[in-house]
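Notes follow the structure.
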Amino acid sequence: MADPNLVRLQHSWDAFGRDDPLYAVLSSMAGGHDLETFMAGGHAEVATVFEKAELFGFGGPPWRRALDFGCGVGRVTQAIADHAQEVVGVDIAPSMIELADRLNRHGEQCRYELNEAADLTRFADDSFDLIFCKLVLQHMATGLARRYLGEFVRVLAPGGLAVFQLPSRFVGRTPLPEGSHRAEISVVRAPTAVRSGDEVVVVARVVNRSEVGWPAGNHAAVAVGGWWADPRGRRDPGPEARWYLPADVVPGAEVEAELRVPAPEGGGTWVLVVDLVQEGVCWFADRGSSVARVPIAVRAPLGARARRAGTTLVAPARRAVAKVVPDLVRQAVRRRHGDAGAPVMEMHGIPRREVEVLLAAHGATIVGVEPDLAAPEWESFTYWVTKASPTLPQ
């Protein structure tokens, strides 16, 4: 079963790519669509990266093989191609990849690939001596971002350089005022039994019983959320569900939220606790609001053979179609997602210390960390990372 965070991410960014791809990639393009200026900014950004790389002791171009992760329409990929023998841009959005292919000015030296997986297993270990990723990891659930960071280290060649940006913590969100945290939550639809690992879909009706409206948008980041409690009543540290408010909810108004979350590991009767959350501030229950509790029987997963049979036949065909017929890919995405609602540009961060520990655990060495202004209202850092050569036997 596909990770619902990944499905939501693809739905949103494919929609952004069809609606206004330049603005989605770079918000400074609001109100302006000068493609030449947009692409020129990629060259300036890459030049700055190469200058900084030399300060950290890396020789710089010509690079042998480079990866632009979350390439969008290829703004940075095309710039890197001026300084690399080969560059690969990957993105989760079919619409972005389609436009990137059309804008490619480097022929076979530069190629774009649709990556719909929560990993980079399409690439072998030690594949790239340069990896670049900016304004990408911040827009996905932190569990996904952590997995991709581990993959960056795996595919980075010994002695190579990975440069990525990631917010650490939100510093500018104003907590909702007193009296904002009263919600009435009822469950409209939920399964009674699922298998471990299946996607669980729960529809909840939420009424604002407070005296203050709940604002929508990233500046407030109010969402209907859900988390699992195990059969003993303990909170499970696994994936949480989120459904961000698509519009402001005034006092007395109601919304219907569809939560999607993987069923937990382990059998028994689990409880999905449905609440509201202001990201980075608090869960409404912490301020005295009531929650809804949905008991769901979780059964053992299907055998590994059955799961493999359901995926190995589909994934290669989907990738092949992605390269040849982008319009069909978009239609397939819409069919799979259904009416997934308005696209959401999420913002997430991982504390700097957690990033440092994760990279070290995967065998990476940080050669530099610099604060940046890439994410307004967030403390954000650019990380410069390398990987040592394996120790040779004596």
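The values are calculated or read from the model by the stated rules, or taken from the named source; none is laboratory data. Since the structure is predicted, the reported quantities are computational estimates derived from the model, not experimental observations. We place every Cβ from the backbone using ideal geometry, glycine too, and count neighbours over all the protein chains shown.
The table that follows gives values for the structure above.
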item: Residue count for the range 340-367, restricted to those that are more than 26 Å from residue 13 (Cα to Cα) and among the β-branched types (Val, Ile, Thr); result: 4
item: Filter pass, residue 272 being under 17 Å from residue 204 (Cβ atoms), under 26 Å from the mean Cα position of the chain (by Cα), assigned to a strand (DSSP E or B) and at pLDDT 95 or above; result: yes
item: Residue that is surrounded by the most Cβ atoms within 10 Å (Cβ to Cβ) [pool: residues in the range 265-287 that are acidic (Asp, Glu) and closer than 30 Å to residue 300 by Cβ]; result: 275
item: Residue within the range 223-234 that is assigned to a loop (DSSP other than H, G, I, E, B), within 22 Å of residue 255 (Cα to Cα) and of a type in the set (A, V, I, L, M) present; result: no
item: Yes/no for residue 207 being in a strand (DSSP E or B), in the same structural domain as residue 223 (by TED's automatic domain parsing) and at pLDDT 95 or above; result: yes
item: Flag if residue 184 is of a type in the set (Asp, Glu), in a strand (DSSP E or B) and either outside the structural domain of residue 269 (by TED's automatic domain parsing) or touching a residue at least 24 places away in the same chain (Cβ under 8 Å) (or both); result: yes
item: The range 246-261: number of residues that are among the charged types (D, E, K, R) and assigned to a loop (DSSP other than H, G, I, E, B); result: 1
item: Top-ranked residue in the range 236-264 [being surrounded by fewer than 19 Cβ atoms within 10 Å (Cβ to Cβ) and over 18 Å from residue 202 (Cα atoms); ranked as modelled with the lowest pLDDT]; result: 237
item: Residues of the range 182-199 classified as surrounded by fewer than 18 Cβ atoms within 10 Å (Cβ to Cβ) and closer than 30 Å to residue 211 by Cα, total; result: 5
item: Verdict on residue 202 being at pLDDT 95 or above and out of contact with any helix residue (DSSP H, G or I) (no Cβ under 7 Å at 6 or more places or on another chain); result: yes
item: Scope the range 200-211; condition within 9 Å of residue 255 (Cα to Cα) and surrounded by fewer than 21 Cβ atoms within 10 Å (Cβ to Cβ); matching residues; result: 205, 207
item: Residue in the range 3-11 that is more than 26 Å from residue 144 (Cα to Cα), out of contact with any helix residue (DSSP H, G or I) (no Cβ under 7 Å at 6 or more places or on another chain) and surrounded by fewer than 22 Cβ atoms within 10 Å (Cβ to Cβ) present; result: no
item: Test result for residue 243, out of contact with any Gly (no Cβ under 8 Å at 6 or more places or on another chain), assigned to a strand (DSSP E or B) and closer than 21 Å to residue 8 by Cα; result: no
item: All positions within the range 155-169 that are crowded, with 19+ Cβ neighbours inside 10 Å, out of contact with any helix residue (DSSP H, G or I) (no Cβ under 7 Å at 6 or more places or on another chain) and either closer than 30 Å to residue 282 by Cβ or among the charged types (D, E, K, R) (or both); result: 165
item: Test: residue 227 is in contact (Cβ under 8 Å) with a residue 40 or more places away in the chain and either among the basic types (Lys, Arg) or farther than 17 Å from residue 348 by Cβ (or both); result: no
item: From 142, 174, residue being surrounded by fewer than 19 Cβ atoms within 10 Å (Cβ to Cβ), within 23 Å of residue 14 (Cβ to Cβ) and among the hydroxyl-bearing types (Ser, Thr, Tyr); result: 142
item: Among residues of the range 122-137, those that are under 17 Å from residue 11 (Cα atoms) and touching a helix residue (DSSP H, G or I) at 6+ places or on another chain (Cβ under 8 Å), counted; result: 1
item: From the options 136, 155, 90, residue that is free of Cβ contacts under 8 Å to residues at least 60 places away in the same chain and under 29 Å from residue 360 (Cα atoms); result: 90
